[in-house]
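Below is one structure, written out as structure tokens; comments come after it.
Please treat every number below as a calculation from the coordinates, not as lab data. Since the model is a prediction, treat every value here as computed from it, not as a measurement. Cβ: placed from backbone, ideal geometry, glycine included. Neighbour counts: every protein chain shown.
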Amino acid sequence: RLIIHIRNLIISIKWIFNSYIKFKNHLEGRGYYALSLSKIWLWKEDSKYFTVYNTDGNCFFVKMKTEKSVLYEYKLLSYISSKNISKDRFYPEIVETNTTGFIYNIYKNINGRKMSRSSFKISFIDQMRRILVFLKEHKIIHRDIRPHNILLDHNNIILLDFEHCIMN
């Protein structure tokens, strides 16, 4: 494992030196500024996460992954959005997808916090139940529901990481 982490760290550092400025210029050409690196996963060489701002000062989250992953998550979240009649937004909203050159999704930023024991309320059980019922009714299996992928935006649950879902 250590060798894989070191290898992926080297790949990520090379990407930063070789492509970061190009990516920053690419996003600035699309109206996004103040690019900052949020996270690089040592066990996933192709995963990079950033925050950016538009000219209005709104913050966005950029998730750079493989083309297959980016397109699948876009397709799945678009499907969920089209079926969500109640408009309870329990999923991140994609505002832009790019698959030429740099491959990424840009999400509307969620000013949430991770769920903790101290923030847990009974209403969250009901929200989570409704989310799971919705997913089951639409034959979607998330496969990665865990505290790390649940954010609280005010008192609403936002479920993240839909790229590993299965739709039947």
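Which chymotrypsin sites (Phe, Trp or Tyr not before Pro) does the range 1-82 hold that lie in a coil by DSSP with at most 12 other beta carbons within 10 Å? When the chymotrypsin sites (Phe, Trp or Tyr not before Pro) of the range 1-82 are filtered for loop state and at most 12 Cβ neighbours within 10 Å, W43 remain.
The sum of -39500 (n - 2.57) across all DSSP H runs of n ≥ 4, divided by the residue count of the chain, sets its helix-only mean residue ellipticity at 222 nm to -12500 deg cm²/dmol. In percent, rounded to a whole number, the relative contact order of the chain is 16, using alpha-carbon pairs under 8 Å and six or more apart. Here the 3J(HN,Hα) profile of the range 55-66, calculated from phi with Karplus coefficients 6.51, -1.76 and 1.60 at θ = phi - 60°, is 5, 7, x, 7, 8, 9, 10, 10, 10, 9, 9, 6 Hz, Gly and Pro shown as x. For the chain, a simple Cβ point-charge model (Lys and Arg +1, Asp and Glu -1, everything else neutral) yields a dipole of about 460 debye relative to the Cα centre. Between the beta carbons of H154 and K68, assuming R0 = 35 Å, the FRET efficiency works out to 0.55 to the nearest 0.05. Phi angles of the range 151-157 translate, via the Karplus equation with coefficients 6.51, -1.76, 1.60 and θ = phi - 60°, into HN-Hα couplings of 10, 10, 10, 6, 10, 10, 7 Hz per residue; Gly and Pro are given as x. Relative to the longest principal axis of the Cα atoms of the chain, the long axis of helix 67-83 makes an angle of roughly 30 degrees.
Annotation for the range 79-109 versus the range 146-164: alpha-carbon center distance of 14 Å. The alpha carbons of the chain occupy a box of 47, 42, 36 Å along the principal axes, longest dimension given first. The 3J(HN,Hα) values that the Karplus relation (6.51, -1.76, 1.60; θ = phi - 60°) gives for the range 3-10 are, in residue order, 5, 5, 4, 5, 4, 5, 5, 5 Hz. Gly and Pro appear as x. In this structure the amide hydrogen of V95, modeled in the peptide plane, comes within under 5 Å of the amide hydrogens of I106, Y107, K108, none closer than 5 places in sequence on its chain. Multiplying the residue separation of L37 and F102 by 0.36 nm and removing their Cα-Cα distance gives an extension gain of 21.9 nm.
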